[in-house]
1. Round to the nearest 10 and give me the degree value, 0 to 90, for the angle of helix 168-191's Cα axis relative to the longest principal axis of the chain.
2. Give the label of the value calculated from the structure for mean projected area of the Cα convex hull in nm², choosing from [x] 14.8; [y] 15.8; [z] 19.6.
3. At 1.4 Å probe size, what's the solvent-accessible area of Phe148? Round to the nearest 10 Å².
4. What are the residues whose amide H is under 5 Å from the amide H of Leu260, where those residues sit 5 or more places off or on another chain and H is modelled from the backbone?
5. Which Rg and Dmax, in Å, describe the Cα atoms of region 116-164?
6. Given a 1.4 angstrom probe, I'd like the percentage of the accessible area of region 1-92 that is carbon and sulfur, rounded to a whole number.
7. Can you spot the lysines whose alpha carbon is less than 29 Å from Lys256's alpha carbon? Ignore those fewer than 8 places along the same chain.
8. Just the number please: accessible area per residue for region 35-176, 1.4 Å probe, all protein chains included, in Å².
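The values are calculated or read from the model by the stated rules, or taken from the named source; none is laboratory data. Only a predicted model underlies this, so the values are computations on that prediction, with no experimental measurement involved. Cβ atoms come from the backbone with ideal geometry, glycine included; neighbour counts cover every protein chain shown. Keep in mind that these areas ignore ligands, DNA and RNA; they rest on the heavy atoms of the full protein, side chains included. Shrake-Rupley method; radii C 1.70, N 1.55, O 1.52, S 1.80 Å.
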Amino acid sequence: MNAWIEAMRLRTLPVSVAGVVGGTACAIYHHGFSLLPFLICLLFAILAQISSNFANEYYDFKNGLDKKGREGFRRGVTEGDISPRDMKMATYITLGIAVCIGATLIIWGGWWLIFIGITIGIFALAYSTGPFPLSHNGLGEIAVIIFFGFIPVIFTEYVQTRVFLLDSNTIFSAAAIGLMGANVLIVNNYRDMEDDREVGKRTSVVILGRGIMSGVYYANGILAAIFLAMATSTLPFWVSAGWLTYFAFHTMLWGKLRSLSGAKLNDILKWTSLLMFFVACYLLIICASLPSDSSPVFFFP
């Protein structure tokens, strides 16, 4: 059981939750919150990420991209705790359950959402396998911005409001959350650079080096803070100062990132993930506290 829990990578699951919470904040802002679609989106996002994590472990083992005693989280298949057959089965069963749960969202969003679900399912596998695995070719961060930022925020809002409201509320929230999600992956690859380089896994950190990618990590946080500042610029300072709080913690984590190495970076990964989740909750609390007849909070109409 411990091996399976480790394979789920619980420290990274706030990444998928944050996108749904951020999208729900946007829905509340537009007075369209609906509890059941929110819960379905949340469960779908968590299961889709777990299936992607399982697939990453199985296909990295199958392709010889893992080794025993690696710096990152313990890999149950590589270490012999879980059989490859069981991990492969768990990957597709979890993904199948996620798809079945997500398919119920057509009640609120229409049949065309099936295509979005298929795209997400393909991404869950294409991240680690296929003719051009995204995580092996330096494209993981871009994929995370799209599939953990823009897609969950936009479509969680859509199934609750039943209208595409691509205003600054949605765009800024999605961009900020996506950039924070990319930072979680940067920490993961920063920690694993030597292991990945040794087996020929070309992550962005292997391609560009730790120096550049630590700068990208910090720059992502700066951009995310700017988006949050713009999103709350019309609110009282005690509320809008949330972006300053985020930026202060982000700067502290960036300093730790540059000074630590190996397994010690697991805590930085955890807190980068949790910081992303806290920001999404911050947006949710702000939107939920607005009076129903309030004017738009966000800077652009």
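1. Once rounded, the angle reads 20 degrees.
2. Working out mean projected area of the Cα convex hull in nm² from the coordinates points to [x].
3. Counting only protein heavy atoms, Phe148 exposes about 30 Å² to solvent.
4. none
5. Both quantities, over Cα of region 116-164: 12.5, 38 Å.
6. Result for region 1-92: 60 percent of the exposed heavy-atom area is carbon or sulfur.
7. List returned: Lys67, Lys68, Lys201, Lys264, Lys270.
8. Per residue, region 35-176 has 43 Å² of solvent-accessible surface.
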